[in-house]
Amino acid sequence: MTTSLLFARLAALSHCGRILLAALLIAPAASASDGAERLDDYLRGLTTLEANFHQITFNADRSQMLESDGRLFLQRPGRFRWEYATAIAGKLLGINPFDEPNVTESKDNTKRLLAHYAEHGHLPQATPFITGDNVDLYMGDDTLLPLKELCKAHGYDADSRMEMLAAQFTGTHAGDYFGLLVYLPQTPAIEDKMRTIQRRLRHATRQAVTVGYGPRFLHSTGQLHKGGPNKGVFFQITAEHPLDIAIPDAPYTFGTLNDAQAAGDMQALQAHHRRVIRLHIKGDWQAGLDKVLAAINFVDERRK
């Protein structure tokens, strides 16, 4: 027997104007009918309502079993329905959207990295393949060795950061896509620059380009990146943390946690032989992102 916990913040439009409802339903228990009745009493007074909801289902031991999102629609008289967006999309695609083994893989990597930090006072240190004034490049052999061959075949300089990035931009196949995995604050300035990079890269390569802000994308497209077809070419963008905050009752900061999640996902991508390059920005974020734009412009110029 399971217990379903539905915590819905419903921004509704009724005769009284815009209202906010926080509804807590716990079932099956003696109080379940009371909760349902309270919600039913409230709903009787509404004429129209449309809102998102988030549902978490627990086992009897209170361990989480599944999580889903949906949308509620109400119109008086005669129309009241729930739509489970995630479940419906999964049904149409013929997949189980709650089966995310590679999300768990990245989480386990992150836990291991944070345990290392707690013991040693720092995360494991990787060696960059190319260092620069404010951007270092990191990649594993699965990405580096084919990229060196590509540079040799097309006359790119394998010791140049810009030309190595350009080689990766051009070394795609039909059906490939680019994934920009951004571990930077989603400020208006960063968002504007990333949209420019996305648009310019799509124009220069004629390939699809996605942008995800970490670590939140790990629970959505993160599963596709590692568990889906090996069609992605990934650029993970990390940076130093000029402002950082300690996490209460934890031996690390939010910046360290962010770095560990990025490193854990990088390890998972490499374990699945994905083409992935990490760009680590030291100092000015905008200047670091401009290095990406310079490599895209280099590709565009060579194709003219």
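Here are the numbers for this structure:
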| read-out | value |
| --- | --- |
| Within region 105-134, tally of residues that are in a helix (DSSP H, G or I) and either of a type in the set (D, E) or not assigned by TED's automatic domain parsing to the domain that holds L257 (or both) | 3 |
| Residue satisfying condition, being in contact with a helix residue (DSSP H, G or I) (Cβ under 8 Å, 6 or more places away or on another chain) and assigned to a loop (DSSP other than H, G, I, E, B), within set D244, D265, D249 | D244 |
| Odd one out for R303 among (1) farther than 19 Å from P128 by Cα; (2) free of Cβ contacts under 8 Å to residues at least 60 places away in the same chain | (2) |
| Failed item in (1) without any contact (Cβ under 8 Å) to a residue 24 or more places away in the chain; (2) farther than 20 Å from T104 by Cα; (3) exposed (fewer than 13 other Cβ atoms within 10 Å of the Cβ), with G175 passing the rest | (1) |
| Of all residues making up region 84-120, the number that are in contact with a His (Cβ under 9 Å, 6 or more places away or on another chain) and either at pLDDT 95 or above or more than 15 Å from G228 (Cβ to Cβ) (or both) | 1 |
| Count of residues meeting criterion [among the aliphatic types (A, V, I, L, M) and more than 16 Å from L181 (Cα to Cα)] in region 280-304 | 5 |
| Selection count, region 164-207, where residues are touching a strand residue (DSSP E or B) at 6+ places or on another chain (Cβ under 9 Å) and either assigned to a loop (DSSP other than H, G, I, E, B) or hydroxyl-bearing (S, T, Y) (or both) | 10 |
| Selection within region 191-229 - in contact (Cβ under 8 Å) with a residue 40 or more places away in the chain and under 16 Å from the mean Cα position of the chain (by Cα) | M194, G214, P215, L218, H219, T221, G222, Q223, H225, K226, G227 |
| Search result, residues across region 149-169 that are surrounded by 18 or more Cβ atoms within 10 Å (Cβ to Cβ) and either out of contact with any Asp or Glu (no Cβ under 6 Å at 6 or more places or on another chain) or among the small types (G, A, S) (or both) | C151, R161, M162, M164, L165, A166, A167, Q168, F169 |
| Residue match in region 255-268 (condition: surrounded by fewer than 19 Cβ atoms within 10 Å (Cβ to Cβ), free of Cβ contacts under 8 Å to residues at least 60 places away in the same chain and more than 27 Å from K107 (Cβ to Cβ)) | no |
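Here is a yes/no grid of residues against (1) more than 24 Å from the chain's Cα centre (by Cα); (2) more than 30 Å from H54 (Cα to Cα); (3) surrounded by 12 or more Cβ atoms within 10 Å (Cβ to Cβ); (4) not small (G, A, S):
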residue: G94; (1), (2), (3), (4): no, no, no, no
residue: E100; (1), (2), (3), (4): no, no, yes, yes
residue: V103; (1), (2), (3), (4): no, no, yes, yes
residue: K107; (1), (2), (3), (4): no, no, yes, yes
residue: G121; (1), (2), (3), (4): yes, yes, no, no
residue: A126; (1), (2), (3), (4): no, yes, yes, no
residue: I130; (1), (2), (3), (4): yes, yes, yes, yes
residue: L137; (1), (2), (3), (4): no, yes, yes, yes
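The values are calculated or read from the model by the stated rules, or taken from the named source; none is laboratory data. Only a predicted model underlies this, so the values are computations on that prediction, with no experimental measurement involved. Glycine also receives a Cβ, built like all others from the backbone with ideal geometry; neighbour counts cover every protein chain displayed.
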